[in-house]
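For reference, the structure discussed in these notes is given below.
The values are calculated or read from the model by the stated rules, or taken from the named source; none is laboratory data. Computed from a prediction, not measured in an experiment: that's the story for all the values here. We place every Cβ from the backbone using ideal geometry, glycine too, and count neighbours over all the protein chains shown.
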Amino acid sequence: MITLRAGTLAGVVILALAACAAPPGPELGPADLASPEATVPPAGVEAMVDTIPAIEAEAALPDVQIVTADLTALGADRLPPPVQVTSADLSIDMPVVPAGLRDDGQVEVPPGTEKAGWYRFGAAPGADEGTAVLFSHVDTRDGLGPFANIHDAREGDRITVTLEDGTTAVYEVFDRQQVYKPDLDVETLFREDGPSRLALVTCGGVWIPERLSYEDNVIVYAKRVG
(Lines give C-alpha, C1' and ligand atoms only; values in the text may rest on other atoms or scores of the structure.)
Protein backbone atom coordinates (compact mmCIF):
# COMPACT_ATOMS: atom_id res chain seq x y z
CA MET A 1 0.00 0.00 0.00
CA ILE A 2 0.97 3.67 -0.17
CA THR A 3 1.71 5.01 3.28
CA LEU A 4 1.22 8.71 4.00
CA ARG A 5 1.61 10.78 7.12
CA ALA A 6 -1.66 12.65 7.65
CA GLY A 7 -1.25 16.37 7.09
CA THR A 8 1.60 16.35 4.57
CA LEU A 9 3.07 14.55 1.59
CA ALA A 10 6.64 15.68 2.26
CA GLY A 11 8.97 12.73 2.90
CA VAL A 12 6.19 10.27 3.56
CA VAL A 13 7.11 7.19 1.53
CA ILE A 14 7.42 4.32 3.97
CA LEU A 15 5.78 1.54 2.00
CA ALA A 16 4.33 2.08 -1.47
CA LEU A 17 1.26 -0.01 -2.30
CA ALA A 18 3.08 -2.77 -0.45
CA ALA A 19 0.18 -5.16 0.01
CA CYS A 20 -1.48 -4.55 -3.34
CA ALA A 21 -1.24 -8.13 -4.50
CA ALA A 22 -1.83 -11.67 -3.35
CA PRO A 23 -1.23 -15.07 -4.93
CA PRO A 24 -3.94 -17.27 -6.47
CA GLY A 25 -6.71 -18.66 -4.23
CA PRO A 26 -9.58 -17.09 -2.20
CA GLU A 27 -9.77 -13.33 -2.35
CA LEU A 28 -7.73 -11.63 0.34
CA GLY A 29 -9.08 -9.07 2.78
CA PRO A 30 -6.93 -6.96 5.13
CA ALA A 31 -6.91 -9.66 7.81
CA ASP A 32 -5.52 -12.19 5.35
CA LEU A 33 -2.42 -10.26 4.42
CA ALA A 34 -0.41 -11.77 7.27
CA SER A 35 -1.18 -15.32 6.15
CA PRO A 36 1.95 -17.41 5.42
CA GLU A 37 -0.02 -19.17 2.67
CA ALA A 38 0.41 -16.21 0.32
CA THR A 39 3.89 -17.00 -0.95
CA VAL A 40 3.71 -17.44 -4.74
CA PRO A 41 2.50 -14.83 -7.26
CA PRO A 42 0.03 -15.77 -10.00
CA ALA A 43 1.58 -17.25 -13.11
CA GLY A 44 2.58 -14.73 -15.72
CA VAL A 45 2.81 -11.61 -13.52
CA GLU A 46 6.62 -11.40 -13.40
CA ALA A 47 6.96 -12.22 -17.08
CA MET A 48 4.38 -9.59 -17.91
CA VAL A 49 6.01 -6.75 -15.98
CA ASP A 50 9.53 -7.66 -17.11
CA THR A 51 8.61 -7.18 -20.76
CA ILE A 52 6.89 -3.81 -20.59
CA PRO A 53 7.93 -1.74 -23.64
CA ALA A 54 9.23 1.72 -22.89
CA ILE A 55 7.04 4.78 -23.41
CA GLU A 56 8.64 8.17 -23.79
CA ALA A 57 7.44 10.40 -20.93
CA GLU A 58 6.43 14.03 -21.16
CA ALA A 59 8.73 16.64 -19.69
CA ALA A 60 9.61 16.21 -16.02
CA LEU A 61 6.97 17.54 -13.65
CA PRO A 62 7.82 20.70 -11.68
CA ASP A 63 8.27 20.74 -7.91
CA VAL A 64 5.11 19.92 -6.00
CA GLN A 65 3.62 21.83 -3.12
CA ILE A 66 2.94 20.21 0.25
CA VAL A 67 -0.62 18.88 0.30
CA THR A 68 -2.78 18.40 3.37
CA ALA A 69 -4.88 15.31 4.00
CA ASP A 70 -7.14 17.22 6.42
CA LEU A 71 -10.83 16.93 5.57
CA THR A 72 -11.21 20.66 6.24
CA ALA A 73 -9.11 21.29 3.12
CA LEU A 74 -11.88 19.94 0.90
CA GLY A 75 -13.77 22.86 -0.59
CA ALA A 76 -17.51 23.09 -1.01
CA ASP A 77 -17.03 23.53 -4.76
CA ARG A 78 -15.30 20.17 -5.12
CA LEU A 79 -16.35 18.05 -8.12
CA PRO A 80 -18.65 15.04 -7.69
CA PRO A 81 -16.71 11.87 -6.83
CA PRO A 82 -15.81 9.34 -9.53
CA VAL A 83 -17.96 6.21 -9.69
CA GLN A 84 -16.60 4.26 -12.70
CA VAL A 85 -13.39 3.92 -14.68
CA THR A 86 -13.44 2.38 -18.15
CA SER A 87 -10.95 1.82 -20.94
CA ALA A 88 -11.61 -0.25 -24.03
CA ASP A 89 -7.88 -0.10 -24.79
CA LEU A 90 -6.97 -1.59 -21.39
CA SER A 91 -10.04 -3.83 -20.91
CA ILE A 92 -10.94 -2.00 -17.71
CA ASP A 93 -14.54 -1.41 -16.62
CA MET A 94 -14.90 -1.21 -12.85
CA PRO A 95 -16.53 0.86 -10.12
CA VAL A 96 -14.56 3.48 -8.21
CA VAL A 97 -14.96 4.15 -4.50
CA PRO A 98 -13.51 6.98 -2.40
CA ALA A 99 -10.51 5.97 -0.28
CA GLY A 100 -8.70 7.76 2.51
CA LEU A 101 -6.10 6.73 5.05
CA ARG A 102 -6.18 3.88 7.54
CA ASP A 103 -5.19 4.41 11.17
CA ASP A 104 -1.66 3.22 10.35
CA GLY A 105 -1.28 5.84 7.63
CA GLN A 106 -1.69 3.47 4.70
CA VAL A 107 -3.96 4.29 1.80
CA GLU A 108 -7.20 2.32 1.87
CA VAL A 109 -6.90 0.10 -1.19
CA PRO A 110 -10.28 -1.61 -1.78
CA PRO A 111 -10.12 -5.36 -1.06
CA GLY A 112 -10.01 -7.71 -4.02
CA THR A 113 -9.54 -6.59 -7.60
CA GLU A 114 -13.04 -5.61 -8.75
CA LYS A 115 -13.04 -2.02 -7.46
CA ALA A 116 -10.63 0.88 -7.80
CA GLY A 117 -10.01 3.37 -5.03
CA TRP A 118 -9.80 7.11 -5.57
CA TYR A 119 -7.60 9.07 -3.17
CA ARG A 120 -10.29 11.47 -1.97
CA PHE A 121 -7.91 13.90 -0.24
CA GLY A 122 -6.22 14.69 -3.54
CA ALA A 123 -7.26 15.98 -6.93
CA ALA A 124 -10.58 14.80 -8.36
CA PRO A 125 -11.02 13.36 -11.86
CA GLY A 126 -12.26 16.11 -14.12
CA ALA A 127 -10.62 18.91 -12.13
CA ASP A 128 -8.92 21.68 -14.10
CA GLU A 129 -5.57 20.93 -12.47
CA GLY A 130 -3.82 18.27 -10.42
CA THR A 131 -3.38 14.51 -10.72
CA ALA A 132 -6.32 12.32 -9.71
CA VAL A 133 -5.06 8.98 -8.39
CA LEU A 134 -6.91 5.67 -8.80
CA PHE A 135 -5.46 2.41 -7.48
CA SER A 136 -6.35 -1.26 -7.25
CA HIS A 137 -4.74 -4.60 -6.42
CA VAL A 138 -3.01 -6.29 -9.34
CA ASP A 139 -4.29 -9.73 -8.31
CA THR A 140 -5.72 -11.98 -5.61
CA ARG A 141 -5.32 -15.72 -5.11
CA ASP A 142 -7.97 -16.13 -7.80
CA GLY A 143 -5.74 -14.53 -10.43
CA LEU A 144 -5.14 -11.21 -12.14
CA GLY A 145 -7.48 -8.23 -11.78
CA PRO A 146 -8.37 -5.53 -14.35
CA PHE A 147 -5.57 -3.21 -13.19
CA ALA A 148 -3.03 -5.85 -14.23
CA ASN A 149 -3.76 -4.59 -17.74
CA ILE A 150 -2.07 -1.25 -17.07
CA HIS A 151 1.24 -3.12 -17.33
CA ASP A 152 0.54 -3.17 -21.08
CA ALA A 153 -0.63 0.46 -21.39
CA ARG A 154 0.52 2.24 -24.54
CA GLU A 155 0.87 5.90 -25.38
CA GLY A 156 -2.46 7.13 -26.73
CA ASP A 157 -4.65 4.62 -24.85
CA ARG A 158 -7.89 6.27 -23.69
CA ILE A 159 -9.32 6.11 -20.16
CA THR A 160 -12.74 7.49 -19.18
CA VAL A 161 -13.78 8.33 -15.62
CA THR A 162 -17.50 8.78 -14.94
CA LEU A 163 -18.49 11.07 -12.07
CA GLU A 164 -21.45 10.70 -9.73
CA ASP A 165 -23.47 13.29 -11.66
CA GLY A 166 -23.06 11.37 -14.94
CA THR A 167 -20.43 13.64 -16.47
CA THR A 168 -17.20 12.14 -17.76
CA ALA A 169 -13.53 13.04 -17.95
CA VAL A 170 -11.48 11.48 -20.75
CA TYR A 171 -7.73 10.95 -20.48
CA GLU A 172 -5.01 9.80 -22.87
CA VAL A 173 -1.99 7.79 -21.66
CA PHE A 174 1.36 9.51 -22.15
CA ASP A 175 3.64 7.62 -19.75
CA ARG A 176 4.01 4.34 -17.89
CA GLN A 177 6.53 3.77 -15.11
CA GLN A 178 7.65 0.83 -13.02
CA VAL A 179 9.15 2.12 -9.78
CA TYR A 180 10.82 0.38 -6.84
CA LYS A 181 8.39 1.13 -3.99
CA PRO A 182 10.84 2.93 -1.67
CA ASP A 183 11.68 5.26 -4.59
CA LEU A 184 8.07 6.24 -5.36
CA ASP A 185 7.75 10.04 -5.59
CA VAL A 186 4.42 10.59 -3.82
CA GLU A 187 4.69 14.39 -4.04
CA THR A 188 4.57 14.14 -7.82
CA LEU A 189 1.98 11.35 -7.83
CA PHE A 190 -0.47 13.13 -5.54
CA ARG A 191 0.08 16.71 -6.72
CA GLU A 192 -2.95 19.00 -6.69
CA ASP A 193 -1.65 21.65 -9.06
CA GLY A 194 -0.26 21.54 -12.59
CA PRO A 195 -1.93 19.96 -15.64
CA SER A 196 -5.13 17.96 -15.31
CA ARG A 197 -3.99 14.33 -15.20
CA LEU A 198 -5.00 10.86 -14.10
CA ALA A 199 -2.74 8.25 -12.52
CA LEU A 200 -3.58 4.54 -12.33
CA VAL A 201 -1.48 2.63 -9.79
CA THR A 202 -1.00 -1.06 -9.06
CA CYS A 203 1.82 -3.48 -8.18
CA GLY A 204 4.46 -5.15 -10.33
CA GLY A 205 7.93 -6.62 -10.30
CA VAL A 206 9.13 -9.55 -8.21
CA TRP A 207 6.95 -11.12 -5.51
CA ILE A 208 8.55 -10.88 -2.02
CA PRO A 209 7.08 -13.78 0.05
CA GLU A 210 8.26 -12.48 3.43
CA ARG A 211 6.52 -9.16 2.75
CA LEU A 212 3.48 -10.63 1.00
CA SER A 213 4.04 -7.97 -1.62
CA TYR A 214 5.51 -7.16 -5.00
CA GLU A 215 8.63 -5.00 -4.97
CA ASP A 216 7.48 -2.35 -7.47
CA ASN A 217 4.60 -0.07 -8.34
CA VAL A 218 3.40 0.31 -11.91
CA ILE A 219 1.98 3.76 -12.63
CA VAL A 220 0.21 4.94 -15.77
CA TYR A 221 -0.07 8.70 -16.29
CA ALA A 222 -2.70 10.13 -18.62
CA LYS A 223 -3.47 13.71 -19.62
CA ARG A 224 -7.01 15.04 -19.89
CA VAL A 225 -8.31 15.33 -23.45
CA GLY A 226 -12.05 15.60 -22.91
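Residues to consider are L134, L90; find the one that is in a loop (DSSP other than H, G, I, E, B), under 21 Å from G205 (Cα atoms) and out of contact with any Ser or Thr (no Cβ under 7 Å at 6 or more places or on another chain).
Of L134, L90, the one residue that is in a loop (DSSP other than H, G, I, E, B), under 21 Å from G205 (Cα atoms) and out of contact with any Ser or Thr (no Cβ under 7 Å at 6 or more places or on another chain) is L90.
Just one of the numbered conditions (1) over 23 Å from L212 (Cβ atoms); (2) of a type in the set (G, A, S); (3) over 16 Å from the mean Cα position of the chain (by Cα) is not true of G143; which one?
(1)
Give me a count of the residues in the range 194-216 that are more than 20 Å from V97 (Cβ to Cβ) and in contact with a Cys (Cβ under 9 Å, 6 or more places away or on another chain).
Within the range 194-216, residues that are more than 20 Å from V97 (Cβ to Cβ) and in contact with a Cys (Cβ under 9 Å, 6 or more places away or on another chain) number 4.
Considering only the range 197-213, state which residues are of a type outside the set (A, V, I, L, M, F, W, C) and crowded, with 19+ Cβ neighbours inside 10 Å.
Passing the criteria: R197, T202, G204, G205, S213.
When you go through A123, A148 one by one, which is the residue that is under 17 Å from P98 (Cα atoms), surrounded by 18 or more Cβ atoms within 10 Å (Cβ to Cβ) and touching a residue at least 24 places away in the same chain (Cβ under 8 Å)? Working first, answer last.
Values: A148 fails: under 17 Å from P98 (Cα atoms).
Only one candidate qualifies: A123.
For the condition touching a Leu at 6+ places or on another chain (Cβ under 8 Å), surrounded by fewer than 24 Cβ atoms within 10 Å (Cβ to Cβ) and among the acidic types (D, E), what is the one hit in D193, D216, D185, D157?
Testing whether each residue is touching a Leu at 6+ places or on another chain (Cβ under 8 Å), surrounded by fewer than 24 Cβ atoms within 10 Å (Cβ to Cβ) and among the acidic types (D, E) leaves just D157.
Can you say whether D165 is at pLDDT below 95 and surrounded by fewer than 18 Cβ atoms within 10 Å (Cβ to Cβ), as far as the supplied structure shows?
no
What number of residues within the range 90-108 are out of contact with any helix residue (DSSP H, G or I) (no Cβ under 9 Å at 6 or more places or on another chain) and buried (at least 20 other Cβ atoms within 10 Å of the Cβ)?
Total meeting the criteria: 3.
Identify the residue in the range 172-182 that is within 13 Å of A199 (Cβ to Cβ) and within 15 Å of the chain's Cα centre (by Cα) and, among all such residues, is surrounded by the fewest Cβ atoms within 10 Å (Cβ to Cβ).
D175
Specify the residue that is farthest from the chain's Cα centre (by Cα); the eligible residues are those in the range 93-126 that are within 14 Å of T160 (Cα to Cα) and assigned to a loop (DSSP other than H, G, I, E, B).
Checking each candidate, the answer is G126.
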